[in-house]
1. Per residue of the range 75-81, what does 6.51 cos²θ - 1.76 cosθ + 1.60 with θ = phi - 60° give for ³J(HN,Hα)? Whole Hz please, x for Gly and Pro, Karplus curve as stated.
2. What are the aspartates and glutamates whose alpha-carbon lies under 15 Å from the alpha-carbon of K144, with same-chain residues fewer than 8 places away excluded?
3. Length gain on complete extension for the stretch A83 to T101, per 0.36 nm per residue less the alpha carbon to alpha carbon distance?
4. So which chymotrypsin sites (Phe, Trp or Tyr not before Pro) in the range 66-150 end up in coil per DSSP with only 16 or fewer other C-beta atoms within 10 Å?
5. When the Karplus curve 6.51 cos²θ - 1.76 cosθ + 1.60 is applied with θ = phi - 60°, which whole-Hz ³J(HN,Hα) does each residue of the range 144-154 get, with x for Gly and Pro?
6. Amide H neighbours of S69 under 5 Å, counting only residues 5+ apart in sequence or on other chains, H built in-plane at 1.01 Å?
7. List the residues whose amide H sits under 5 Å from the amide H of G157, counting only those 5 or more places along or on another chain, with H placed 1.01 Å from N in the peptide plane.
8. Using the Kirkwood radius over C-alpha pairs as Rh, can you work out the diffusion coefficient of the range 30-142 via Stokes-Einstein at 25 °C, viscosity 0.890 mPa s, in µm² per second?
Amino acid sequence: METKEPKSSDGHNPPTGGPGPSMYSVQIEQKSYEMPPREGISIAHFLTVADIERSARWYEKVFDGRILSKGDSDGAPAYIQIANTWLLVNVGGGPTPDKPTVTLSTPNPDHINSFMNIRVADIQACYELWKNRGAEFITEPIPKYGEIRCYIRDPDGYIIEVGQSTELTYG
């Protein structure tokens, strides 16, 4: 899968608000993905957090995320674009009419059942950069199963795998 920055006819990125994909888009294989989508689908990962602003700022600082909306006290989540994906962060809560048996809460840091996986080209460079930006790594990068990987813990206890392939190729 090849990622391409949208270009104008003269080879430069189009200006914000001008013709072409919006500043919130990622173009992959000649398809443009936006949040919210104008057509088709876009995928975002939702995290239940204790403090929307703290979490949004952490993802902005550590991963160069772009905060698209900050959420509000009426229940709107914050949207953060990180590379070619979108992350939604919002506080938890009890059941609602559209999920009548579900309660959202922050995780127990010792019992995680899913996690974000970030694939990188240079794990050592990312480890040093993100550590300097305040990321708390559980371990240094370790070789394991044809890759080098390590895990970050975010402010709410979620883990994020960071991995660099050493033997596997895709496609």
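Each reported figure results from applying straightforward, stated rules to the coordinates on display, with no laboratory input. Values in this document were obtained by computation on a predicted structure and should not be read as measured data. Note: ideal-geometry Cβ built from the backbone for every residue, glycine included; neighbour counts use all protein chains shown.
1. So the Karplus estimates, Gly and Pro as x, are x, 6, x, 7, 10, 10, 8 Hz.
2. Correct list for K144: E161, E167.
3. Details: separation 18, 0.36 × 18 = 6.48 nm, distance 3.35 nm.
Here the segment from A83 to T101 would lengthen by 3.1 nm.
4. Values: sites: Y79, W86, F115, Y127, W130, F137, Y145; in loops: F115, Y145.
Those satisfying the criteria are F115, Y145.
5. My calculation for the range 144-154 gives 6, 6, x, 8, 10, 8, 7, 10, 10, 10, 7 Hz in order.
6. Y79
7. So G157 has HN proximity to no qualifying residue.
8. Details: Rh = 15.9 Å.
Diffusion coefficient, whole number: 154 µm²/s.
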